[in-house]
Amino acid sequence: MALDLLNHEIEFAARTWPNKIAIVSPRGDLSFQQIETKASKLAGALQFLGLSDGDRLAILGQNSADYIVWHYAAAKVGIILHVLNTRLAIGELEWMINNAESAALITDSDFIKQAKSLQKKCTSLRLLIGMAGEKSAEYATDELAERNLSYQTTKVEQQNAALMIYTSGTTGRPKGALQSHGGSLLADQLTLDAVKITANDTYLALMPFFHQAGLIRTRATILAGGRCVIPGKVEAAATADAICEHGVTFTMIASPQQNLAIREKLNKDGVEEFKHLRIILGGGGMGERAAKSIQSMCDSLGCSYFGVYGQTETTGPAVFITGPDVFERPASCGKPFPAIDIAIWNDSGIPLPSGSVGEIVVRGPITARYWRNDAANEALYEGDWLHTGDLGYLDKEGFLYFKGRLKELIKTGAENVYPREVEAVIEQHQNIADVAIIGLPDKAWGEIVCAAIVTRNNKAFTLEEIKSFCRDKIGAYKIPKYVIQVDNIPRNHTGKILRQPLIQLAESSRKS
C-alpha cells in the first residue's frame, strides 16, 4: 500500500506483521493488529464525541502504549494531536491549551489532578479522557475502545497537520509548530533508513513522547516492524537494567545519569548483558570531551553511535552523523539526510562559502509552520528555505558545525563571540565538569563574555585560572571577563542549555 499519511504506518505494519508484538509495556503487550484495531475504534470514538478533522486533541502523560494508539487514532480522522510537556507549570499548560483551543484532553493517573484543574481553566476543553488505566476522567480509553465505534473516513492531505508541538519559547511566548502528515512520515522513513532499523530491532522508548525525538524513533520502529519497549517513566538508574532485560538493540541516551547507569552495570555485570545493543542515539556535534566519553562506552559495549541535529520546525531530523565520523569530527553534526538541503547565509540572505559562520537554513519536505501566527510564519521562511535561528558553518566536505543560537550570539565591542566555541575550550580543563557561556550587558563593551562553571569535587575556580587556560587557545576578546560557579548547568530534556536563568544569576551576582 502507498504510505501517504501518518496513520498508514500502523495500517501497513498490521497488514505485514499482524500477530507480531509491536509494543511491550507494563500494562501488557500489543501486536501490530491490536494497535491498529484499537486506534480505529478510538478514531470512531473521537468522532462520536464530537471532534472532527482539524480539531486539536491535547495529551498530557507519561510514555505509554495508549499514547501511541491515540496518536494514530487522531491521524486517521484528521485531528491534530497536541502534545503537552509534562514538565511545564500549570499556567504554561493553560496558556498553550487556550492558544491551541484544544477540544479534549487525554491524561493518565500521574497528571489527572492537573488535567481536572485545566478543564476548569480552559474554556475550549469539552472532554477529559483517561489513558493507561486512568478511570476517574469522564471517559476512559479502554471503555471507549470497547464501544466498537467505527469511524467515517475524512479527506486528509499530506500537507494537513498531524501533530502540534509548542516550541521552548526562548523569547516571548512559545509558538505551536504544526508538523504535517507527509513531513512526519518522511522524518520516520529517514530515521528508519539512517539508523537501519529492521523488524529484528527492539527500541527502548526513554525519550518522552512530548518531544518529537521520542515519537519519531517509536514510529520509525513500528514502520520497520520492530518492537518498542515503552516502560513509562524510568529513572536514570534503571536505564541499564531495562536495556538488558528486554534485549534492546537501540535507544536514545540523553543524560549523563543514564550514561553513568550503563557504565556501572557494565562494570558490575559485564558486556554480555548488553550483547544485543548495537547503536546508541543522541545529539550530533557533542564536542571532544563528550565524544571521548561516548567512544569509550561504545568501545566497551561493542556498539556504535548516531547523532542528529534538527529542531521542531524541521519536524526533527535535518543532519546526522554516525560511524567513525562521530569521533573523528566530534564538533560536527554531520551531513544532511537525503531530501534535505543545508546552507549557511549571512544577514542579507546571501550564501556563504565553506568555513564561514552564518545562519543555518534548511530546505526540504519535512519543514513545519506555526499555528495561527502569520507574522512568525513569514519570518520563518525565505522562499523554500527555513530560518533555523542557529549559527554554524559547513566545511569543504559538507559537514555541518553548530556554533550556537543566533539570539545567543555575544557581541562584545565590534566582535562576535559564539558561546559553543568558548565552551568547547573551557570544558577541556580537567577540573571543570560542565560550562555554559553567556553574554552580560556592559556599558563599555555592549556585552561581556561570562562563564558559568561546574567544577569537579566543588573545587574553587577563579577568573584568572579561566583566563590563563584560555590564553593562546582562543582570541583575547572571546576569553571570559566574568565567571560564576554553579552547582549545575540547567538544561531541558534534550540537553539544550537554558541560558536565561544563568544570565539572571550572573547579573544578580555582579550587583551584590
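Of Pro365, Ile466, Ala43, which is farthest on the positive side of the dipole of the chain, counting Cα position, with +1 on Lys and Arg Cβ, -1 on Asp and Glu Cβ, and the Cα centre as origin?
In the chain, that residue is Ile466.
Quick one: length gained pulling Glu235 to Ala460 fully straight, 0.36 nm per residue minus the C-alpha distance?
Values: separation 225, 0.36 × 225 = 81.00 nm, distance 3.09 nm.
Length gained between Glu235 and Ala460: 77.9 nm.
Compute the length gained on full extension between Arg173 and Arg510: take 0.36 nm times their separation in residues and subtract their Cα-Cα distance, giving the result in nm to one decimal. Each step should come with its number before you reach the end.
On the way: separation 337, 0.36 × 337 = 121.32 nm, distance 2.81 nm.
Length gained between Arg173 and Arg510: 118.5 nm.
Take the Cα coordinates of segment 262-413, assign each an equal point scatterer, and use the Debye formula without solvent to give log10 I(q)/I(0) at q = 0.20 Å⁻¹.
-1.19
Based on the alpha-carbon set only, what is the convex hull volume of segment 174-306 divided per residue, in Å³? Could the numbers behind the result be given before it?
Numbers: hull volume 15.6 nm³, N = 133.
In segment 174-306, the Cα convex hull volume per residue is 118 Å³.
Given Lys292/Lys411; Lys292/Lys403; Lys403/Lys478; Lys113/Lys175; Lys113/Lys233, which pairs have Cα atoms separated by over 23 Å? Please report the intermediate quantities before stating the final value.
On the way: Lys292/Lys411 31 Å; Lys292/Lys403 20 Å; Lys403/Lys478 14 Å; Lys113/Lys175 26 Å; Lys113/Lys233 18 Å.
From the list (Lys292/Lys411; Lys292/Lys403; Lys403/Lys478; Lys113/Lys175; Lys113/Lys233), the Cα-Cα distance tops 23 Å for Lys292/Lys411; Lys113/Lys175.
Helix 90-100 sits at what angle to the longest principal axis of the chain, using alpha carbons and giving 0 to 90 degrees rounded to 10?
The helix 90-100 is inclined about 60 degrees to the chain.
Pairs Lys116/Lys496; Lys38/Lys116; Lys38/Lys76: which exceed 20 Å Cα-Cα?
On the way: Lys116/Lys496 31 Å; Lys38/Lys116 25 Å; Lys38/Lys76 12 Å.
Those over the limit are Lys116/Lys496; Lys38/Lys116.
Packing-wise, with mean Cβ within 10 Å as the measure, how do 249-255, 57-63 rank, highest first? Please list the in-between numbers first.
Details: 249-255: 22.0, 57-63: 25.1.
By packing density, highest mean first, the sequence is 57-63, 249-255.
In deg cm²/dmol, rounded to 500, what helix-only [θ] at 222 nm does the chain give when every DSSP H run of at least 4 residues adds -39500 (n - 2.57) and the total is split over its residues? Let's see the in-between values first.
Details: 16 runs with 168 residues, N = 512.
Only helices count here, giving -10000 deg cm²/dmol.
Using DSSP to call loops (not H, G, I, E or B), can you name the chymotrypsin sites (Phe, Trp or Tyr not before Pro) in segment 157-220 whose Cβ has at most 11 other Cβ atoms within 10 angstrom?
Numbers: sites: Tyr166, Tyr203, Phe209, Phe210; in loops: Phe209, Phe210.
Those that pass, being in a loop and sparsely packed, number zero.
Can you give the extra length, in nm with one decimal, that the chain gains between Leu406 and Asp53 once fully stretched, where that is 0.36 nm per residue apart less the Cα-Cα distance?
123.4 nm
What angle do you read, to the nearest 10 degrees and between 0 and 90, between the alpha-carbon axis of helix 499-511 and the longest principal axis of the chain?
Helix 499-511 sits at roughly 40 degrees to that axis.
Quick one: which of 377-386, 98-107 comes out on top by average Cβ neighbours within 10 Å, and what's the full order, highest first?
Working: 377-386: 14.7, 98-107: 23.1.
Result, highest mean Cβ count within 10 Å first: 98-107, 377-386.
So for segment 409-511, Kirkwood radius off the Cα pairs, Stokes-Einstein at 25 °C and 0.890 mPa s: how many µm² s⁻¹? Don't jump to the answer; show the numbers that get you there.
Numbers: Rh = 13.7 Å.
Result for D is 179 µm²/s.
What is the calculated FRET efficiency for Arg278 to Gln257, with r their C-beta to C-beta distance and R₀ = 25 Å, to the nearest 0.05? If you can, show how the numbers build up before the last one.
Values: r = 22 Å, r/R0 = 0.90.
So the FRET efficiency works out to roughly 0.65.
Roughly how far apart, in whole Å, are the Cα centres of segment 412-444 and segment 283-304?
Distance between centres, Cα-based: 24 Å.
If we restrict to alpha carbons, what Rg and Dmax does the chain come to, in Å?
Final numbers for Rg and Dmax: 23.3, 71 Å.
Taking the Cα-to-Cβ direction at Lys135 and at Arg87 and moving 7 Å from each Cα, how far apart do the two end points lie in nm?
If labels sit at Lys135 and Arg87, their model points lie 3.4 nm apart.
Since every read-out is calculated from the coordinates, none of them should be taken as a lab result. These numbers come from a predicted model, not from an experiment. Glycine gets a Cβ as well: all are built from the backbone with ideal geometry, and neighbour counts include every protein chain shown.
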